[in-house]
Every structure is written in structure tokens, then in C-alpha cells.
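Note sheet for the following structure.
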Amino acid sequence: MNVADLVAQFMQTFGRRPTFVARAPGRVNLIGEHTDYNDGFVLPMAIDRDVTIVGASRDDRVVRLRSTNFGDETCFVLDRIEKAHDGAWSNYARGVADVLQRAGFALCGFDGVIYGEVPIGSGLSSSAAMEMATLMAFAAAGVGGSVPLALDGAQAARLAQRAENEFVGVNCGIMDQLIASLGKAGHALFIDCRSLAYELTPMPKGVTVLVVDTSMPRSLAASAYNERRAQCEAAARLLDAPALRDVSVETFERRRSELPDLIARRAAHVIYENRRVLDAVAALRANDVATFGRLMNQSHASLRDAYEVSSEALDAAVEIAQRVPGVHGARMTGAGFGGCAIALVDDAQVGALTQAVLRQYPQRVGREPKVYACVASNGASWRML
Ligand code: GLA
């Protein structure tokens, strides 16, 4: 569905013309998994799949949103924002409105039609895309108002994360919102999740990031995610550090035997993964895709064996990809427990890799995967129509 289709839907639903379009992208994380909530380093890129909202402001305090994905409509009043039932898509929009108002912004009501092409529940951050797209829609709806919604990209991401943590009730880190906000075409984004300092790093030429969607819904993701977070906090406490970010590989290896085995393995993943991100950024700067790919492979092995957040389906997708000539590296991406894997592959071998996955994955897993190339894309934006 393109913007013209959404404009037509808007006119059919609301009987007037929309005045703005707001959008935000999904993401893949190239490397740096489960490091963001340990104050560590990540290297995601925004992808060419968006959540898009076409809308027009209202002169009252009502927000009416129609979702084309769910064929469903929601309505709330800005003066009294209540949470919809658990799992409702509108909670992301409600949460963003609530958090923006608590932060002191005066919002304007709007009518909107929303459409997401980021697959839902497959680890490509459709929720962060929805939050950032809603935030952009409020910015567009308020144009000409007395208090313009003037926020820089990192502040906007923090507010969207707060909406997810405090309103939706998911205890995620900052990575997904930051990349949905600050991504740039042709670039990956190296982020220090403690200071929120970031640096755009050009993606190398001649290679493609291929997404393999395992078609397996993430299971137990929320409870296992919170459990991993708690284990990391326990490890940092035992190592007398504010966060695992502050523990060097050398200190960890010296003190590893002081930790219970399970906690030590969790900490090992995070501490070595932080170092892999730094090495991967150096490799990107040197245009060394071979080293970059090796680090991706190491990251996957660590997520599988030490952090234990992979799945049989993800491992199958990664192993199939890693054996194809021209693939530099492959790994799961996002929180894990299902969802998507990514591979970094020479452009000329995209067809061969796609064929290998489409043929071998169903034999091993008994499901049809979805495979598509993605392109590093721009973060959230809005424009008047
Ligand atoms: C999810 C969370 C992120 C991050 C990743 C794991 O995507 O939303 O904050 O923790 O998992 O790297």
C-alpha cells in the first residue's frame, strides 16, 4: 500500500483530505545484541520498510486512528488517555501521546490512517516504528500550534522508549527507537547506549543485507528477556560494576570463577559482544567485510551457546546461510526466541543465497521462510501533503 492508497483510505474513512504523512522505519541490528540495556554498544541499520500514517489535525482533543493492517479503528481523548487491552496496537499511539504530554508538550488531536509494512512480531521492531511514526504524526498535526513539538532525534527516541516501558509495559532498551529515529540511507548507526552518542558509518559497497524471516513467532520472549536483564544486573553487581559495559574482557576473565556458571555465561556474552561491536565498526571503516562477517558469526554462536536466546529455526537459517559461497557472515537479529536472521552477502550471490534458504530451510524446519534483501534507510520523518 503506497501513500496514494492511504490517502484514498483516509478520504473514505474521514470524508476529507489528509494534510500530512508521517513515517518511521523498522530495523535490523548488524551486531551488538542484548548489549543496549547493559549500557553497551550496538550497530543497527534502519530498513526500507515503514510504518506510515497519513492524517489531518482536528480542532478538538480527539485522536482517531484506523489501522489498515488490523481493519480496526481506535479513538481516544488526549485529556484522559487510558490503556486499551493488553496487546492492542493502539497502546503504542496512546503511550506516545501520554508520554509527550507528561513531558510538557501541548498536543493537537488528529485523524489518521496507519499502515505498517514492518512484519509484526518478527524482531524487526514494528513497535518502535509505530511509536516513532506516531510521534512524527503529532509533530505534523501540531504545526502552527502554540507549542511546536521540537525535539531532537535522540530525545524523541527516549520518549518513545518511555512509552513502551511505562505505558505498554515492555522493558526494552533504547536501540530500536534510536535507529527508527536517527537512521540514514546507506549507513549503519554505531550507538553508545550509555551516553547516546552516535556515529553514522557508511555501509560497504557490493554487499547486501538479506533478511531471513523464520516464520516462527517469538515465544516466551518477554519473560525470557526480563530474565536475561536481571541476570546481567546480577553479574554487574557481583563484579562491582555499575553495568556490564564497565567490565573489560581482562577483568572478567580474572574474576569469572567468582560468578555462578549461568550468570558467568550471560555476562561473557555481553562483555565479548561489546568488544565485537567495536571491532566490527573498525572493520566497517576499513571496508573489511570478511572480518565484519566473522564477527557476525561469533555473535551468533555466543547468543546461541552463552546467552541462549536463539532457536532451532534461527540456528537453521544461520547455518544454511553461512555455508553459501559469498556469504561473509550470518546471525540472528533482535531479541531472539524466533523472528529473523540476517546474512551479509556479496551482491552477486543474493540469488544463490535466497535459493539455498528457500530450498533447505523448509526441509529442516518444516516451514516456509520469507527472504528479502533490505537497504539501509532514513529514520523517522514527516511532511505536509
Ligand atoms: C529488543 C529490544 C532492544 C534490544 C534487543 C536485543 O529488540 O527492544 O532494546 O535489547 O531486543 O539486542
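Things worth noting here:
- In this structure, Phe70 qualifies as open to solvent by 20 Å² or more (accessible area, probe 1.4 Å), of a type outside the set (D, E, K, R) and away from the ligand (no atom under 16 Å from the Cβ).
- Residue count, the stretch 145-170 (criterion: open to solvent by 20 Å² or more (accessible area, probe 1.4 Å), within 11 Å of the ligand (Cβ to nearest atom) and out of contact with any helix residue (DSSP H, G or I) (no Cβ under 6 Å at 6 or more places or on another chain)): 1
- Of the criteria (1) in contact (Cβ under 8 Å) with a residue 60 or more places away in the chain; (2) out of contact with any Gly (no Cβ under 6 Å at 6 or more places or on another chain); (3) within 14 Å of the ligand (Cβ to nearest atom), which one His300 fails: (1)
- Taking residues in the stretch 364-379 that are within 18 Å of Ser181 (Cα to Cα), and partners anywhere that are of a type in the set (Asp, Glu) and surrounded by fewer than 20 Cβ atoms within 10 Å (Cβ to Cβ), the pairs with Cβ atoms closer than 9 Å and at least 6 places apart or on different chains are Cys374/Asp48; Val375/Asp48; Ala376/Asp48; Ser377/Asp48.
- Within the stretch 110-141, the set of residues being surrounded by fewer than 20 Cβ atoms within 10 Å (Cβ to Cβ) and more than 16 Å from the ligand (Cβ to nearest atom) comprises just one member, Glu117.
- Among residues of the stretch 275-289, those that are within 21 Å of Gln349 (Cβ to Cβ), open to solvent by 10 Å² or more (accessible area, probe 1.4 Å) and in a helix (DSSP H, G or I), counted: 2
- If you check Glu227, Glu199 for being of a type in the set (D, E, K, R) and part of a strand (DSSP E or B), only one passes: Glu199.
- Where strands (runs of 3 or more DSSP E) sit wholly within the stretch 290-385, those with at least 1 residues that are of a type in the set (Lys, Arg) occupy 327-332, 370-374, 381-384.
- Given (1) open to solvent by less than 70 Å² (accessible area, probe 1.4 Å); (2) at pLDDT 95 or above, index of the condition Glu312 fails: (1)
The values are calculated or read from the model by the stated rules, or taken from the named source; none is laboratory data. Treat the numbers as computed from the prediction; the structure is a model and nothing was measured. With ideal geometry, Cβ positions are generated from the backbone for all residues, glycine too; neighbour counts draw on all protein chains shown. Keep in mind that these areas ignore ligands, DNA and RNA; they rest on the heavy atoms of the full protein, side chains included. Shrake-Rupley method; radii C 1.70, N 1.55, O 1.52, S 1.80 Å.
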